Structures are given as structure tokens and as C-alpha cells.
Amino acid sequence: MTKRVILGISGASGAAIGLEIGRILASMDDVELHIVVTAAARRTIAHEAGTEALGLLIGRANYCHAEADIGASIASGSFQTAGMIVAPCSMRSLAAIASGLTDNLLLRAADVQLKERRRLVLLARETPLHLGHLRNMVSVTEMGAIVMPPVPAFYRNPTSIDEVVSHLAARAVDLLAICDTPLAMEWKG
Ligand SMILES: Cc1cc2nc3c(=O)[nH]c(=O)nc-3n(C[C@H](O)[C@H](O)[C@H](O)COP(=O)(O)O)c2cc1C
């Protein structure tokens with residue numbers, strides 16, 4: 001059965017992780033990929049991944065929704081989805097999700113996942129963190145989201161940024177629990 005998955009990309013650093021998650025999800029035959037990219041993310045993607053990168057992602061997705069289109073399918077809880085990843089998730093978007101502010105489609109879709117008790121994975125990215133950031137992470141966790149800061153797995157001895165990005169992207173997709181076999185290589189001890 002086809003699983004609808006939403007990928008939101010907001011304007012935090014780490015655009016490559018969102019792009020890689022999009023690539024992985026688009027490569028899955030049983031996934032219908034919906035993406036929504038904020039205005040700030042368009043800027044960070046261009047800055048960090050080049051001007052062609054966003055077009056490539058849009059080309060791979062089944063649906064690319066405009067940030068302002070609060071009437072899109074993914075804005076409604078009646079539209080069944082397997083969950084949503086926001087990668088990277090800015091502190092602005094995190095704060096809005098934590099307080100139930102839904103004035104753009106990424107935020108509304110995230111809010112819908114929470115109210116429908118669906119999986120919501122937030123790759124919240126900022127450093128260092130102030131108390132407000134931490135409180136917002138607690139709030140979204142209490143509401144059912146999974147906060148997954150994109151912290152490299154140094155214990156795997158990565159030899160390139162690409163390796164770090166691939167591992168983080170695979171771990172994020174695994175958190176959606178849509179694959180029978182985990183994508184991220186297991187630690188065998
Ligand atoms: C190059 C660049 C890097 C940024 N990195 C971060 C970041 O790591 N974390 C963060 O919370 N905001 C970061 N920002 C700021 C956000 O883009 C800004 O707060 C924006 O309003 C977020 O909007 P959005 O949540 O709608 O995407 C960055 C901005 C730029 C231009």
C-alpha cells in the first residue's frame with residue numbers, strides 16, 4: 001500500500017540532510033512524497049547546496065506544495081499520511097510547532113501530525129541552545145513529536161560530510177517506521 005510521507009524543509013543549517021531524506025523517500029516505490037519548503041529554506045538550500053539542488057528535489061517529489069497554500073491536501077487530518085519529517089527544523093519552526101501556530105503549510109502539516117497522533121520527526125538544528133529552545137523541544141516531545149538533533153555519530157568514524165549526512169538521513173527515515181528493514185546500518189557491538 002502506498003504510504004504518504006511529508007518532508008518539510010525549514011531554514012536552519014543542514015539543508016543537505018533534508019535533500020538526502022527527500023532522495024531516499026523518493027527512491028521508495030511505496031512512498032508518495034509530499035514536500036513543503038519555507039522561504040528561508042530556499043535561501044539556505046541555495047547557499048549550502050547550490051542553486052540546482054531544490055529543483056532536483058522538486059523533480060523527485062510527487063507533490064511540491066507552496067508554503068502559503070494552507071488549503072493543500074496535507075493541511076487536513078482527513079488526508080491520511082504515514083508521518084512527517086522536518087529536516088532541518090529551525091528554531092522558528094520548532095517554536096511555532098511547540099505553540100500550535102500554524103500560519104504556513106509546513107507548520108499546519110506538522111500540527112496535523114500531532115493532533116492525529118501520527119509520527120512527527122523534527123531535526124531541530126541550532127547551537128548552542130537557550131532555555132527557550134530547550135523548553136520548545138520538551139513541549140513538542142510532550143505532544144508526541146520526536147526531536148532528533150542532527151548530531152553526527154562520531155563513533156562510526158565517518159570519513160566525509162556525505163557519510164555523516166547519509167547516516168543522519170537514514171536514521172531520520174527509520175524513525176518514521178515505514179520500512180521493514182532499517183536503512184541505517186546497525187551497530188553490531
Ligand atoms: C545560512 C543560514 C543559516 C541558518 N541557520 C540556522 C540554524 O541552524 N538554526 C536556526 O534555527 N535558524 C537558522 N537560520 C535562521 C532561519 O533561517 C530563520 O530564523 C528563519 O526565519 C526560519 O524560518 P522558517 O522556520 O520559516 O524556515 C539560518 C539562516 C541562514 C540564512
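The values are calculated or read from the model by the stated rules, or taken from the named source; none is laboratory data. What you are looking at is a predicted structure, and each value in this text was computed from that prediction instead of being measured. We place every Cβ from the backbone using ideal geometry, glycine too, and count neighbours over all the protein chains shown. Keep in mind that these areas ignore ligands, DNA and RNA; they rest on the heavy atoms of the full protein, side chains included. Shrake-Rupley method; radii C 1.70, N 1.55, O 1.52, S 1.80 Å.
So which residues in segment 121-147 are in contact with a helix residue (DSSP H, G or I) (Cβ under 6 Å, 6 or more places away or on another chain), assigned to a loop (DSSP other than H, G, I, E, B) and open to solvent by less than 50 Å² (accessible area, probe 1.4 Å)?
Result: GLY144, single match.
Filtering segment 58-93 down to residues that are without any contact (Cβ under 8 Å) to a residue 40 or more places away in the chain and within 30 Å of HIS130 (Cα to Cα), which residue is most open to solvent (accessible area, probe 1.4 Å)? Show your work before the answer.
Initial filter on segment 58-93 (without any contact (Cβ under 8 Å) to a residue 40 or more places away in the chain): 58-60, 62-64, 66-73, 75-78.
Going one step further and asking which of them are within 30 Å of HIS130 (Cα to Cα), we end up with 67-68.
Numbers: GLU67: 50, ALA68: 87 Å².
The selected residue is ALA68.
If we scan segment 116-133, do we find a residue that is within 16 Å of the ligand (Cβ to nearest atom), in contact with a strand residue (DSSP E or B) (Cβ under 8 Å, 6 or more places away or on another chain), farther than 23 Å from GLY22 by Cα and at pLDDT 95 or above?
Yes: segment 116-133 contains one or more residues that are within 16 Å of the ligand (Cβ to nearest atom), in contact with a strand residue (DSSP E or B) (Cβ under 8 Å, 6 or more places away or on another chain), farther than 23 Å from GLY22 by Cα and at pLDDT 95 or above.
Inspect segment 32-40 for any residue being surrounded by fewer than 20 Cβ atoms within 10 Å (Cβ to Cβ), in contact with a Cys (Cβ under 7 Å, 6 or more places away or on another chain) and not small (Gly, Ala, Ser) and give the result as yes or no. Working first, answer last.
So the first thing to find is which residues in segment 32-40 are surrounded by fewer than 20 Cβ atoms within 10 Å (Cβ to Cβ), and the list is 32, 39-40.
Still in the list and also in contact with a Cys (Cβ under 7 Å, 6 or more places away or on another chain): none.
No: segment 32-40 contains no residue that is surrounded by fewer than 20 Cβ atoms within 10 Å (Cβ to Cβ), in contact with a Cys (Cβ under 7 Å, 6 or more places away or on another chain) and not small (Gly, Ala, Ser).
Mind listing just one residue for me: the one in segment 161-189 that is small (Gly, Ala, Ser) and either part of a helix (DSSP H, G or I) or open to solvent by 50 Å² or more (accessible area, probe 1.4 Å) (or both) and, of those, farthest from LEU123 (Cα to Cα)? Spell out the reasoning first.
Looking only at segment 161-189, we keep the residues that are small (Gly, Ala, Ser), and these are 166, 169-170, 172, 177, 184, 189.
So of that shortlist, the ones also either part of a helix (DSSP H, G or I) or open to solvent by 50 Å² or more (accessible area, probe 1.4 Å) (or both) come out as 166, 169-170, 172, 177, 189.
Values: SER166: 14, ALA169: 10, ALA170: 12, ALA172: 8, ALA177: 16, GLY189: 26 Å.
Checked segment 161-189; the qualifying residue farthest from LEU123 (Cα to Cα) is GLY189.
Would you please list the contacts, defined by Cβ atoms under 7 Å and residues six or more apart or on different chains, that run from a residue in segment 21-48 that is over 15 Å from SER93 (Cα atoms) to a residue that is near the ligand (Cβ under 7 Å from one of its atoms) and hydroxyl-bearing (Ser, Thr, Tyr)?
Partner pairs satisfying both residue conditions: GLU48/SER13.
Return the residues of segment 94-110 that are open to solvent by 40 Å² or more (accessible area, probe 1.4 Å) and closer than 26 Å to VAL151 by Cβ; say none if nothing qualifies.
If the condition is that a residue be open to solvent by 40 Å² or more (accessible area, probe 1.4 Å) and closer than 26 Å to VAL151 by Cβ, then SER99 is the only one that fits.
Here's a check for you: in segment 95-105, which residue that is in contact (Cβ under 8 Å) with a residue 24 or more places away in the chain and under 18 Å from SER139 (Cα atoms) is nearest to the chain's Cα centre (by Cα)?
ILE97
Can you tell which of ALA12, ALA26 is touching a strand residue (DSSP E or B) at 6+ places or on another chain (Cβ under 6 Å), within 19 Å of LEU183 (Cβ to Cβ) and at pLDDT 95 or above?
On the way: ALA12 fails: within 19 Å of LEU183 (Cβ to Cβ).
After ruling out the rest, the residue left standing is ALA26.
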